[in-house]
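Participant: Take a look at the following structure, please.
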Amino acid sequence: MAHRKAGGTAKNLKDSNPKYLGTKLHDGQKTKTGFVIVRQRGTKILPGKNIGVGKDHTLFALKDGVVKFDEVRKTHYTGKAWKRKRVSVI
């Protein structure tokens, strides 16, 4: 007879490191060259004037100024249209 109950291995105890995605500077805030404005997966938010795009789709400021968010209307070749957010530095 066993003196202890057999312990199984748990497969769901691992967790990934946080990626800290999201908007870092909001509409109306001041920014300087190189400041990260949005960290994202894919281009959910489109780059506008004075915005650079990193290889991981991070949006950052190319000039000093004020962050401005707006919506832009995009049209698919089939004629379907939808709104997308865009960020600029003014």
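Participant: Tell me yes or no: at least one residue of region 5-12 is more than 12 Å from the chain's Cα centre (by Cα) and surrounded by 12 or more Cβ atoms within 10 Å (Cβ to Cβ). Working first, answer last.
Facilitator: At the first step, the residues of region 5-12 found to be more than 12 Å from the chain's Cα centre (by Cα) are 5-12.
This time we only want the ones that are surrounded by 12 or more Cβ atoms within 10 Å (Cβ to Cβ), so: none.
Taking every residue of region 5-12 in turn, none turns out to be more than 12 Å from the chain's Cα centre (by Cα) and surrounded by 12 or more Cβ atoms within 10 Å (Cβ to Cβ).
Participant: Inside region 40-70, can you point out the residues that are outside any loop (DSSP other than H, G, I, E, B) and under 9 Å from Val87 (Cβ atoms)?
Facilitator: Let us first name the residues in region 40-70 that are outside any loop (DSSP other than H, G, I, E, B), namely 45-47, 51-53, 59-61, 65-70.
If the condition is that a residue be outside any loop (DSSP other than H, G, I, E, B) and under 9 Å from Val87 (Cβ atoms), then Ile45, Leu46, Pro47, Ile51, Leu59, Val67, Lys68, Phe69, Asp70 are the ones that fit.
Participant: So, in region 39-62, of the ones that are in contact (Cβ under 8 Å) with a residue 40 or more places away in the chain and more than 12 Å from Val89 (Cβ to Cβ), which residue ends up surrounded by the fewest Cβ atoms within 10 Å (Cβ to Cβ)?
Facilitator: Keep residues of region 39-62 that are in contact (Cβ under 8 Å) with a residue 40 or more places away in the chain, which gives 44-50.
Adding the requirement that they be more than 12 Å from Val89 (Cβ to Cβ) leaves 44-46.
Numbers: Lys44: 11, Ile45: 18, Leu46: 17.
It comes out as Lys44.
Participant: Any residue in region 65-90 that's surrounded by 10 or more Cβ atoms within 10 Å (Cβ to Cβ) and aromatic (Phe, Trp, Tyr): show its pairings with residues that are modelled with pLDDT of 95 or more and not in a loop (DSSP other than H, G, I, E, B) at Cβ separation under 7 Å, as long as the two are six or more apart or on different chains.
Facilitator: From residues that are surrounded by 10 or more Cβ atoms within 10 Å (Cβ to Cβ) and aromatic (Phe, Trp, Tyr), the pairs are Phe69/Lys85; Phe69/Val87.
The values are calculated or read from the model by the stated rules, or taken from the named source; none is laboratory data. Predicted model only: the values in this text are computed from it and were never measured. Positions of Cβ are backbone-derived with ideal geometry, glycine not excepted, and every protein chain shown enters the neighbour counts.
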